[in-house]
Amino acid sequence: MNPPAPIRDGLLDGVSVARAVRASLRDHVSREMPDDSPGLAVVLLTADLAARKYAESKARACRDLGMTCTLHDLTPWVSNMRALGKRLESIASDPRVHGLLIEHPLPPHVDPIALYAHVPTAKDVEGISYANMGRLMLGRPYMVASTAAAVIRILEHYGVQIAGRRVVVVGRSNIVGKPVAALLLARDATVVTCHSKTPDLATETLRADILVVSVGRARFIGATHVREGAVVVDVGINFEGGRMVGDVDFEAVRGKVLAITPVPGGVGPVTAAMLLSNLVQTALAQKRGSETL
Ligand code: NAP
């Protein structure tokens, strides 16, 4: 483990964290898998332009590290869950595919948990399958949702102490809030998870040493929600007049806190890097035949 990076100007800069993750992955892949590069399959279930853009950027990120990425447009099957399940099984059975992910957003009628029942746990790079979520809850994580892993990676990169601290997580989604709370608890934080039915959110967030926000509402958390000297990790991605903003009002909060992730340039790039890290991990496990799932 490298020594913690200094926090400059109160910013937890995700771009440099992502760069460090990718550099170590590049070394790892060229050392451990020189002839058999990891392969990712990205499944699209909508014609949504943003989903297509995210998928293409994952393909580019894979290529940059010498990995392969194939895009599979399964939109013709979305109205037939049985046929869709069979298509997923067929893609996942390809030995060149070491990890499979289903791009968001999904059509409203599609339940991602039901879909992942068709993906072998060993190839579930999103960490959303029953087995992967169960392992996380039991304190033996294998694949962890890349955004949740990114939050931890950022805190660790900058040496933010987690053990013994009071952490408030706003949001309880399966891909962010729940796994990040489990990871923090496993690192001996005292964790409070808030959601839309939490009666007085500011009372909770004001007590946080570390505040993690994943709600999906532009600038939802303001200066009155944060305590002086807190560390804030903003997962949100929202668009206001074409400009990307987080769930935290960055300008209002920045002067009050010890450190904060910007949006863009905070959690997003690290999430992308952690997905590649998950892919490398599944590929190596499959190569060695060592996955224990
Ligand atoms: P989600 O599934 O939409 O869940 C939102 C959560 O926010 C829910 O738990 C909801 O509570 C809670 N919430 C809604 N209104 C609230 C309120 N008034 N007070 C307190 N909690 C409230 O969201 P998600 O998938 O976690 O995504 C959240 C945001 O993160 C989005 O902007 C998304 O684009 C972004 N995101 C970014 C990355 C990245 O790499 N940076 C990755 C994933 C997601 P209930 O459960 O009670 O409804």
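Just so you know, all these numbers are worked out from the coordinates, no wet-lab data involved. Computed from a predicted structure; not experimentally measured. So basically every Cβ, Gly included, is an ideal-geometry build from the backbone, and we count neighbours across all protein chains shown.
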Principal axis box of the stretch 34-125, alpha-carbon based, largest edge first, Å: 41, 27, 18
Taking the stretch 124-243 and dividing mean pair separation by its residue count, relative contact order in percent (alpha carbons under 8 Å, at least six apart): 21
Percent RCO, i.e. relative contact order, over the stretch 34-125, from Cα pairs under 8 Å lying at least 6 residues apart: 37
log10 of Debye I(q)/I(0), alpha-carbon scatterers only, for the chain at 0.09, 0.13, 0.14, 0.15 Å⁻¹: -0.43, -0.91, -1.06, -1.20
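Of all alpha-carbon pairs in the stretch 142-293, indicate the percentage at a distance above 28 angstrom.
Of all Cα-Cα distances in the stretch 142-293, 18 percent exceed 28 Å.
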N238-A117 FRET efficiency (beta carbon distance; Förster radius 25 Å; 0.05 resolution): 0.20
Distance between the stretch 1-59 and the stretch 188-258 - C-alpha centres, whole angstrom: 25
Listed pairs K86/K287; K86/K197; K58/K256; K58/K287; K53/K123; K58/K86 exceeding 29 Å between Cα atoms: K86/K197; K58/K256
Relative contact order for the chain, counting Cα pairs under 8 Å that sit 6 or more residues apart, in percent: 21
Where no second cysteine Cβ lies under 4.7 Å, the cysteines concerned in the chain: C194
